[in-house]
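Have a look at the structure that comes next, please.
Since every read-out is calculated from the coordinates, none of them should be taken as a lab result. Source: prediction; values computed, not measured. Here the Cβ positions follow ideal geometry from the backbone for every residue, glycine too, while neighbour counts run over all protein chains shown.
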Amino acid sequence: MYRFNYHKPSSIEEAVSLFNSSDDGFYLSGGQTLIPTLKLGLASPVDIIDLSNIEALHGISVDSGLVSIGAFTRHAEVAEHPEIRRVLPVLSHLAGRIGDGQVRNLGTMGGSVANSDPAADYPAAVIGLGATIHTGKRTISGDDYFKDLFETALEPGEIITRIDYPIPDRAAYRKFPNPASRYAVVGVLVADFAGAIRVGVTGAGPCAFRATGIEAVLNQNLDPDALKVVDLPDAGFNSDLHASAEYRAHLVKVMAERAVTDILAL
Amino acid sequence: MNEAKSATGIGASVKRKEDVRFITGSGCYTDDINQPGQSHAAFLRSPYARARIESIDASAALEIEGVIAVLTGADMVADGLGDIPCGWLVKQKDGSDMVSAPHPPMAATQTNYVGEPYGVVIADTLAAARLGMEAVLTDFTELDAIVDLATVRDSEQIHEGVEGNLAFDWELGEREATEAALASAAHVTRLDLTNNRLIPNAMEPRAALGIFDKVSGEHTLYTTSQNPHLARLVLSAFVQIAPEHKLRIVAPDVGGGFGSKIFIYAEETAVIWAARKVGRPVKWTADRSESFLADAHGRDHITHAELGTDEEGRFVALKVQTTANLGAYLSTFGSAVPTYLYGTLMAGQYSTPNIYVEVQGVYTNTAPVDAYRGAGRPEATYVVERIVETAARELGRDPVELRRLNMIKPDQFPYETPVALVYDTGNYEASLAKALVHADYAGFAERRAAAAAEGKRRGIGLACYIEACGLAPSNLAIQLGAQVGLYESGEIRVNPTGSVTVFTGSHSHGQGHETTFAQVVSDKLGIPFEDVEVVHGDTGRVEFGLGTYGSRSLAVGGSALIRAAEKLITKGRRIAAHMLEAEVDAVEFIDGDFLVKDSNQSLSFAEIAFAAYVPANYPEDLEPGFSEKAFYDPENFTYPAGTHIAEVEVDVDTGVVELKQFVAVDDFGNVINPMIVTGQVHGGVAQGAGQALLEQAIYDEFGQLVTGSYMDYCMPRADDVPDFTVDTTVTPCTHNPLGVKGCGEAGAIGSPAAIMNAVTDAVGDNSISMPATSEKVWRALR
């Protein structure tokens, strides 16, 4: 780890201003990616801007049809929050399976979504639930947010403040964890909004995406067996020592089938 | 199970003394020890698998605040330090010596694996040392990496003088007789196997703190060693760091070893050398990335085996051909593991009359490979038990029945195998029978059908393993190439008040010696368990020892303590006879008291101890004092054996294998502490499950370690394994005074074969290799 300047601003404006005035500034949220990166010497920022003290990034509110979660909310809070568990249990379920207990106690939703690790869990929820991402200056539709490997619609210095998740009639998330890291080899979230099905996939590609082919089939017939005939091309899918692209494509289907089975059992 | 005669005696599940400090975070590990004026080391490591060092420019590093020195492999050569020797000289087929390439502690001219140290930066702080490390400019010429076992013999030569990168071409058994028997066998089963490369991953990474006292000339090295005396011997006699009497090595609390802390490594060597050079204590603690790169790895074989059977299914011949990856250098026991700890085990539990094993040990541009929990015996068991199971399938025989038919029977002991061992005792069918009951083998068909009804495949697999522990005897091992003896020392110093301090040359890095050895000594001397203190791991306190590996501590080290205790009792009887005015022959020692036969006269152990130190009424021809030691050299190996049965369920949609049930019934001979033994089996089985299902070290074609962190190298976790069913049978070892055999490795030896037999049974494809990852299984199922 190298020497850096540490800042702890108390407002979005102050944080952005620190970022803009730095030659090489990094925001620190839960630190579950950044800190290991620093320890391995893979990043050497001049300034670390800790976002933990910014009031606007905290808080959870549940209104009719919408769960709004502050970006600094830790995974464990989402997993255990009684109101989220009641109205949007799929999100608590997903959050409760991120990494391990230590990761969940520190990692934040905003950090995960801003980082857009291809194997992170939350992006499946952002896509699958059709979430809206609020930043200090605008709102971004979840569908338009993920661009590529570790690449999002965020502009340099832009900070996610909260994420709004519409509440579906029913939804389920199925994850095939990497046995080593427990990241998602693939993760599939299927949500039913009054008969309109959304399917968010993480892990399989360079970033999370909507599986429109699967959605089309499920919109016709919300039945796991309906997916047996779906041909899911693996072009552009990730391939590494844990899973080939072909195996990932297969797993997306299997996880989707299982999520549909879960939904039908609700 | 043998019955315990007291709550703390032999056979009792005494809670471990050492756990109080371990679980309250108050253990004292090498990294916990600090010295005034201490500096820190950061190692320069090769980024290439094979490269020539053209030049090293340390000038920028030396300008960094806090950097004290940059020392290189060339500096070590200039100081006259020797190479790290291999501890076992294997003879090749033609009688010539193996080809041992020089293994410098730090590379001076060429690096041969990624992570190999070639220099060290010493600084006031660890941060400065690391900054210094990054500021050193090294000019390398990268050479082609040789990593593929399939082509290594035809690749460029890694070491000068090592043709075909072949360290040795070794054989054991009768080739002609074996081939003839195979040729005339009714059926021959052929099998190709890979034994996957593993990275040990002890919880505590390696660490070292070197201290040099220029006034006394004494060197002290605190380090994570399983065998500090062996380290001292090698560092003195071969590397020539310091004369043996000026070098003290202390292995304090050590957090796991699994073999990886037996060996003499570059870093520990460099730290004590550097401490003298810079005139300050030098501390180094590996980070996990360094552990992955530079700890000796384990296993890594490819094997072709052939098993011939007659019309009745009796094994008539076994032929095994193995290529063993030794890595870039021959590590301390790198040559012994795939030869004498592997080929000798090919009889398994069976009376196969003809066995021939040949092993080619090859160099590659990867980290050195050496002993890892089981060391050769898991590899041998994997060959024998996979091919036996395969034969049963090919012959349409029940694998249990086929094994039983071929097992060595209890009345055949001592049994001499065709591969150089004499099994002293055993009852293999007893362990098998008990394991079958625990596993409800008879009910498996029903469970398989139930799984099938849920769309899952269920499989069952056995491994009837044998292993050889407590490597011995010294004279035979030395004839076979060992460069050290294989005895162990034990000393019991009785204090005047009757409490005792026990010194053992074996070493605990998690095994629980402080408890088990105290049980042995308190039981033998009839004194309270609490009155026994066990000291180990310090060449300054323990006279000599060979450390802990190969499940040897109790069988060899414990036996030495029994011998020392016997000497104490003999002396005590003379003292008692004098004090009680009786004949020595009339004095008996029973449960801590010296008694005169047929009388009511007795003296306690403590009273005798006091008399020995305050010799007022004392035999004239006897030295005062009450302290004895013994060196115990076993006459044979011990042979733990048992049956492991695994049951798995395969998710056909994803290929995920779930280990549903694991039964281990082991014959460890007499058991001193059943709780500790059960824990050892649990840990071993978990490691074996890791090898079978999860773990694999992967180097890419450039010799870069792809699985260099826990993100990619999958260690087993608690939720990867079921509750194990662990039980024992007992045939006491016939040749050591405790009747014990050793239990540290058995779990890791039997389990990979049992689990893979179960996986291949479930999938119906015998070609699946370890680790049986979900994608491999999914592909096999398609």
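Once segment A:56-166 is represented by equal point scatterers at the alpha-carbon sites, with solvent omitted, what log10 I(q)/I(0) does the Debye formula produce at q = 0.16, 0.17, 0.21 Å⁻¹?
-0.64, -0.72, -1.15
Another question about this same structure. Alpha carbon centre of segment A:196-266 versus segment A:49-104: separation in Å?
Measuring centre to centre over Cα atoms gives 25 Å.
Checking a compactness column here: for segment B:193-278, what do you get for Rg(Cα) / (2.2 N^0.38 Å), N being the number of residues?
That works out to 1.19 for segment B:193-278.
Quick one, can you get me the convex hull of the C-alpha atoms of segment A:1-86 expressed as volume per residue in Å³?
With only Cα atoms used, segment A:1-86 gives 102 Å³ per residue.
Also, I was wondering about something else. What ranking do B:161-173, B:447-459 get when scored by the average of other Cβ atoms within 10 Å per residue, highest first?
B:161-173, B:447-459
Tally the DSSP beta bridges in segment B:423-544 and give the antiparallel ones as a percent, rounded to 5.
50 percent
Over the alpha-carbon set of segment B:1-110, divide Rg by the Kirkwood Rh and report the Rg/Rh ratio to two decimals.
1.20
So what's the back-of-envelope 222 nm ellipticity for chain B, counting only DSSP H runs of four-plus at -39500 (n - 2.57) apiece and dividing by all residues, rounded to 500?
After summing the helix terms and dividing by the residues of chain B, the value is -8000 deg cm²/dmol.
For segment B:628-782, how big is the tail of P(r) above 29 Å, as a whole percent of Cα pairs?
30 percent
With N set to the number of residues, divide the alpha-carbon radius of gyration of segment B:126-223 by 2.2 N^0.38 Å and report two decimals.
Its radius of gyration relative to the 2.2 N^0.38 Å reference: 1.96.
Let me know the shape class of segment A:172-265, please: from the alpha-carbon gyration tensor, a ≥ b ≥ c as square roots of the eigenvalues, rounded when a/c is under 1.5, otherwise prolate if a/b is greater than b/c, or oblate.
prolate
Moving to a separate point now. Using a simple charge model, +1 on the beta-carbon of Lys and Arg, -1 on the beta-carbon of Asp and Glu, nothing else, what dipole does segment A:1-157 show about its Cα centre, in debye to the nearest 20?
360 debye
I would also like to ask the following. As a footprinting exposure proxy, order B:C464, A:C207, B:C28 by other Cβ within 10 Å, with the fewest listed first.
Fewest to most other Cβ atoms nearby, the residues stand as B:C28, A:C207, B:C464.
Let me ask something additional. Using the structure shown, list the pairs from B:K17/B:K277; B:K91/B:K434; B:K5/B:K434; B:K246/B:K571 with a Cα-Cα distance above 31 Å, or answer none.
Distance filter (> 31 Å) returns B:K17/B:K277; B:K91/B:K434; B:K246/B:K571.
Which whole-number percent of Cα pairs in chain A have a distance greater than 28 Å?
Roughly 32 percent, once rounded to a whole number.
Going by Cα centres, segment B:493-559 and segment B:19-78 are how many Å apart?
34 Å
Separate question: Full extension from B:D32 to B:S13: what is 0.36 nm times the residue separation minus their Cα-Cα distance, to one decimal in nm?
3.8 nm
Mind checking the mean number of beta-carbon atoms from other chains within 10 Å of the Cβ atoms in A:36-46?
Per residue, the average neighbour count from other chains is 1.
Now for a different question. With a length cut of 15 Å (Cα positions projected on each helix's long axis) and a Kyte-Doolittle mean of at least -0.5, go through chain A and give me the DSSP H helices that pass.
Qualifying helices, which must be both long enough and hydrophobic enough, are A:245-265.
For segment B:587-716, give the magnitude of the charge dipole about the Cα centre (Cβ charges: +1 Lys/Arg, -1 Asp/Glu; no others), in debye to the nearest 20.
So the dipole magnitude of segment B:587-716 works out to roughly 180 debye.
What is the P(r) of the protein assembly as shown, as percent of Cα-Cα pairs per 10 Å bin from 0?
With a bin width of 10 Å, the distribution comes to 2, 10, 17, 20, 20, 16, 10, 4, 1, 0, 0.
Mind checking A:242-250 for the average number of partner chain beta-carbons within 10 Å of each residue's beta-carbon?
Other-chain Cβ atoms within 10 Å of each residue's Cβ, averaged: 3.
Between B:R288 and B:R717, what's the calculated FRET efficiency when r is the beta-carbon distance and R0 is 22 Å? Round to 0.05.
The value I calculate is 0.85.
Per residue Cα convex hull volume for segment A:5-50, in cubic angstrom?
Hull volume normalised by residue count: 62 Å³.
How many partner chain Cβ atoms sit within 10 Å of a residue's Cβ in peptide B:708-714, on average, as a whole number?
Counting Cβ atoms of other protein chains within 10 Å of each residue's Cβ and averaging gives 4.
Separate question: List the lysines whose alpha-carbon lies under 21 Å from that of B:K261, not counting same-chain residues fewer than 8 positions away?
Counting by Cα, and skipping residues close in sequence, B:K261 has these lysines nearby: B:K283.
To continue, here is another question. For segment B:46-102, build the charge dipole from Cβ charges (+1 Lys, Arg; -1 Asp, Glu) around the Cα centre, then report which of B:I84, B:A69, B:S96 sits farthest towards its positive end.
Farthest along the dipole direction, towards plus: B:S96.
Hey, can you rank B:102-115, A:136-149 by average C-beta count inside 10 Å, highest first?
Per-residue Cβ counts within 10 Å, averaged per peptide and sorted highest first, yield B:102-115, A:136-149.
Magnitude of the Cβ-charge dipole of segment B:546-634, K/R +1 and D/E -1, about the Cα centre, nearest 20 debye?
So the dipole magnitude of segment B:546-634 works out to roughly 480 debye.
On a straight-distance basis, which aspartates and glutamates could pair with A:K175 in a cross-link, Cα separation under 12 angstrom, same-chain partners fewer than 8 positions away excluded?
A:D121, A:E257
I would also like to ask the following. Could you list B:F529, A:F150 so that the one with the fewest beta carbons within 10 Å of its beta carbon is first and the one with the most is last?
A:F150, B:F529
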